[in-house]
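In what follows, a single structure is set out as structure tokens and then discussed.
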Amino acid sequence: MPPAQRARGRRDQVGQPRLRRRSSDHQEAAYGSYNSKSGSSCSATPSIELVAFPMRAPQDQSVVFVIDDDPSIRSTLEDLLQSVGLEARVFKSPQEFLKSARPDVPGCLVLDVRLPGQSGLEFQRTLAGSDVDLPIVFITGHGDIPMSVRAMKAGAVEFLTKPFHDQELLDAIHAAIERDRERRADTRLVAALKARFAALTARERDVLTKVVSGRPNKQIAADLALSEATVKLHRGQIMRKMRAASLPELVRMADRLGISRRTS
């Protein structure tokens, strides 16, 4: 379907066309109940215009996965996401999502709490024990405080109760994508640090552990039965191989690698 037709058909509130009147006091309509399966068609009039939502310039490619058993919700959310330049992939069940091929790019999961069979909260626990690491934005028409607390404690980015505005969902999705982007960058950094650490000799690793624990060269030399000059040589090699510009930076790298800073 052409973008123009999708824009005309998408609804900000179920059963109402996604239009704005030329009025200074108009406010955006909120999402209503998602139980409706149909919506009225709309036709342009001189006093009504379609609003073109600005495209968000992505830092890189990203994708939003939507899991909801209601086809009308999937269609509505898919249109909303595409209208702001986000790629959307929709699924009717967690099982269908798990069977799909997922691109290796930043993303997030918009997940309905109430699903046939496994609930959204149960699926969140399933994902926590798998290799699928996606920030989750929950949506529900039947949420309560204990449910939202459980979801947030388990790592959800947001828990939205219907009705909610488009922008509330979009803000949560952008926050979730940014969280995933940061996680992926952090994973790459740690992988690079591990590769640098693997390039160190066994003796350099011994010296590194002593250095980041705050020991002076003289004490390191005594601990490892080395000369102080040899310790200085090892320290220089460590700084070069780890690409650390300063001792504090080297300490931070060691922390990221989980290298102990025991002083004994």
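The values are calculated or read from the model by the stated rules, or taken from the named source; none is laboratory data. These numbers were taken from a predicted model, which means no experiment stands behind them. Don't worry about glycine lacking a Cβ; one is built from the backbone with ideal geometry, like all the others, and counts go over all protein chains shown.
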Evaluate the range 43-64: report whether one residue or more is modelled with pLDDT of 95 or more and either among the charged types (D, E, K, R) or surrounded by fewer than 20 Cβ atoms within 10 Å (Cβ to Cβ) (or both). yes
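Condition check ((1) outside the structural domain of residue 232 (by TED's automatic domain parsing); (2) out of contact with any Phe, Trp or Tyr (no Cβ under 7 Å at 6 or more places or on another chain); (3) touching a residue at least 12 places away in the same chain (Cβ under 8 Å); (4) crowded, with 17+ Cβ neighbours inside 10 Å) across all residues:
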site	(1), (2), (3), (4)
131	yes, yes, no, no
135	yes, yes, yes, yes
150	yes, yes, yes, no
154	yes, yes, yes, no
164	yes, no, yes, no
170	yes, yes, yes, yes
179	yes, yes, yes, no
193	yes, yes, yes, yes
So residue 116 passes all but one of these: (1) under 26 Å from residue 79 (Cα atoms); (2) not in a loop (DSSP other than H, G, I, E, B). Which condition number does it fail? (2)
With respect to the numbered conditions (1) touching a residue at least 12 places away in the same chain (Cβ under 8 Å); (2) surrounded by 15 or more Cβ atoms within 10 Å (Cβ to Cβ), which one is the sole condition not fulfilled by residue 223? (2)
Please go through (1) within 17 Å of the chain's Cα centre (by Cα); (2) of a type in the set (S, T, N, Q); (3) within 18 Å of residue 151 (Cβ to Cβ) for residue 62 and return the number of the only condition it doesn't satisfy. (3)
